[in-house]
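**Student:** Handing you a structure now.
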Amino acid sequence: MIYVVSGPSGCGKSTLIRELFNRLPGLQFSVSHTTRAKRPTEIDGREYYFINREKFQEMKEAGAFLEWAMVHNELYGTSWEEIKKKKDQGDLILDIDVQGARQVKKRIEKAVFIFVIPPSYPELEKRLKERKTDSPEAISLRLKNARKEIMESDIFDYLVINGQLEKALDELRAIILSHRCLFKERQKEFKEIIRSFKSWP
Ligand code: ADP
Ligand code: 5GP
């Protein structure tokens, strides 16, 4: 299953996803391509594939992206190659913006769409400032975009409110676990169990 996780920058998506990977086996992370500068703690190929605008344009024109968008003045995209490489290895998590989520919704109808929000606007501002990864101008832009993103969240299936981290993690985990338990998703296991019933004397 593909899970699309979106929400305003600074609401805690990366934190939630990172923690989720420690607590739930069978997950894969879709590493996006971006033209944004690498942050000191990031590793190329782990958080993102960092590329320049020319390369991004080239990939875009070659139809390499499932979706792409200009976010806070930088380009971000999910490559088909990344999806193909990882989708059969487990549940695939895409951390992408709302514009990208809309494009995925058109192309992969079956995907599950999760919107993450902070408990309030002042808390979002506080988190962005305390993260200390963006300039004051970049923070202003991210806050301005947050208002727009929240108003465009109608396509999502689930809402996770990231107030207390543990509670939000429980919510995210519950969403994925409940999808794993869907009858139609468990056909292989079900058939094996049925077979054991049939072979019983
Ligand atoms: P995003 O990936 O959505 O841009 P981050 O995961 O980078 O957001 O989180 C932004 C900042 O908020 C980080 O400094 C992170 O440690 C902090 N943070 C995330 N979740 C919570 C939470 N539930 N309570 C308090 N701070 C949080
Ligand atoms: P950041 O620069 O803080 O890592 O991410 C900024 C925003 O870009 C976040 O909202 C994140 O979800 C979004 N983003 C990251 N990768 C992609 C992608 O491949 N496509 C789209 N559309 N958005 C992305």
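The values are calculated or read from the model by the stated rules, or taken from the named source; none is laboratory data. Please read all numbers here as calculations on a predicted model, not as lab measurements. We place every Cβ from the backbone using ideal geometry, glycine too, and count neighbours over all the protein chains shown.
**Student:** I need a count of the residues in the range 1-42 that are surrounded by fewer than 20 Cβ atoms within 10 Å (Cβ to Cβ) and within 22 Å of P119 (Cα to Cα).
**Tutor:** Final tally of qualifying residues: 6.
**Student:** Next up: Mind checking which residues of the range 64-111 are within 20 Å of G12 (Cα to Cα), within 14 Å of the chain's Cα centre (by Cα) and not in a strand (DSSP E or B)?
**Tutor:** I96, D97, V98, Q99, G100, A101
**Student:** Is there a residue being among the aromatic types (F, W, Y), modelled with pLDDT of 95 or more and within 15 Å of ligand 2 (Cβ to nearest atom) anywhere in the range 121-141? It would help to see each step written out before you state the result.
**Tutor:** Filtering the range 121-141 down to residues among the aromatic types (F, W, Y) leaves 121.
This time we only want the ones that are modelled with pLDDT of 95 or more, so: 121.
This time we only want the ones that are within 15 Å of ligand 2 (Cβ to nearest atom), so: none.
No: the range 121-141 contains no residue that is among the aromatic types (F, W, Y), modelled with pLDDT of 95 or more and within 15 Å of ligand 2 (Cβ to nearest atom).
**Student:** Please list, ordered by first then second residue, the pairs with beta carbon atoms under 8 Å, 6 or more apart or interchain, first in the range 9-24 and over 12 Å from I176 (Cα atoms), second of a type in the set (S, T, Y).
**Tutor:** K13/S6
**Student:** Filter the range 15-38 for residues that are hydrophobic (A, V, I, L, M, F, W, C), within 15 Å of ligand 1 (Cβ to nearest atom) and under 16 Å from D170 (Cα atoms) and give the result.
**Tutor:** L16, I17, L20, F21
**Student:** Go through (1) more than 14 Å from ligand 2 (Cβ to nearest atom); (2) surrounded by fewer than 16 Cβ atoms within 10 Å (Cβ to Cβ); (3) under 30 Å from K167 (Cα atoms) and name the single condition D91 misses.
**Tutor:** (2)
Yes/no per residue for (1) within 15 Å of ligand 2 (Cβ to nearest atom); (2) at pLDDT 95 or above:
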{"site": "N145", "(1), (2)": "yes, no"}
{"site": "E149", "(1), (2)": "yes, no"}
{"site": "S153", "(1), (2)": "yes, no"}
{"site": "F156", "(1), (2)": "yes, yes"}
{"site": "R180", "(1), (2)": "no, yes"}
{"site": "R195", "(1), (2)": "no, no"}
{"site": "K198", "(1), (2)": "no, no"}
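**Student:** Right, K106: under 19 Å from H33 (Cβ atoms), surrounded by fewer than 21 Cβ atoms within 10 Å (Cβ to Cβ) and free of Cβ contacts under 8 Å to residues at least 12 places away in the same chain or not?
**Tutor:** Details: under 19 Å from H33 (Cβ atoms): no; surrounded by fewer than 21 Cβ atoms within 10 Å (Cβ to Cβ): yes; free of Cβ contacts under 8 Å to residues at least 12 places away in the same chain: yes.
No: the conditions fail for K106.
**Student:** Here's something else I'd like to know. Restrict the check to the range 171-187 and report whether at least one residue is under 16 Å from S120 (Cα atoms), within 16 Å of the chain's Cα centre (by Cα) and not basic (K, R). Give the steps one after another, and end with the answer.
**Tutor:** Filtering the range 171-187 down to residues under 16 Å from S120 (Cα atoms) leaves none.
No; the residues of the range 171-187 include none that is under 16 Å from S120 (Cα atoms), within 16 Å of the chain's Cα centre (by Cα) and not basic (K, R).
**Student:** Let me ask another. Does the range 14-29 contain at least one residue that is in a loop (DSSP other than H, G, I, E, B), within 14 Å of ligand 2 (Cβ to nearest atom) and of a type in the set (D, E, K, R)?
**Tutor:** No, every residue in the range 14-29 fails to be in a loop (DSSP other than H, G, I, E, B), within 14 Å of ligand 2 (Cβ to nearest atom) and of a type in the set (D, E, K, R).
**Student:** Here's another thing I want to ask about it. Could you grab me the full set of residues in the range 5-42 that are touching a Lys or Arg at 6+ places or on another chain (Cβ under 8 Å) and among the aliphatic types (A, V, I, L, M)?
**Tutor:** Those that are touching a Lys or Arg at 6+ places or on another chain (Cβ under 8 Å) and among the aliphatic types (A, V, I, L, M): V5, L20, L24, V31.
**Student:** Are any of the residues in the range 59-73 surrounded by fewer than 16 Cβ atoms within 10 Å (Cβ to Cβ), under 25 Å from L172 (Cα atoms) and either away from ligand 1 (no atom under 14 Å from the Cβ) or in contact (Cβ under 8 Å) with a residue 40 or more places away in the chain (or both)?
**Tutor:** For the range 59-73, residues surrounded by fewer than 16 Cβ atoms within 10 Å (Cβ to Cβ), under 25 Å from L172 (Cα atoms) and either away from ligand 1 (no atom under 14 Å from the Cβ) or in contact (Cβ under 8 Å) with a residue 40 or more places away in the chain (or both): absent.
**Student:** Which number in (1) of a type in the set (S, T, Y); (2) closer than 26 Å to S140 by Cβ; (3) in contact (Cβ under 8 Å) with a residue 12 or more places away in the chain marks the one condition that T41 misses?
**Tutor:** The failed condition is (3).
So that you can scan it fast, the table gives a plain yes or no per residue for (1) within 16 Å of ligand 1 (Cβ to nearest atom); (2) farther than 21 Å from A101 by Cα; (3) exposed (fewer than 10 other Cβ atoms within 10 Å of the Cβ):
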position	(1), (2), (3)
I139	yes, yes, no
R147	yes, no, no
D154	no, no, yes
L165	yes, yes, no
E171	yes, no, no
E185	no, yes, no
F190	no, yes, no
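**Student:** Name every residue in the range 94-128 that is under 13 Å from G7 (Cβ atoms) and of a type in the set (V, I, T), in order of residue number.
**Tutor:** I96, V98, I114, V116, I117
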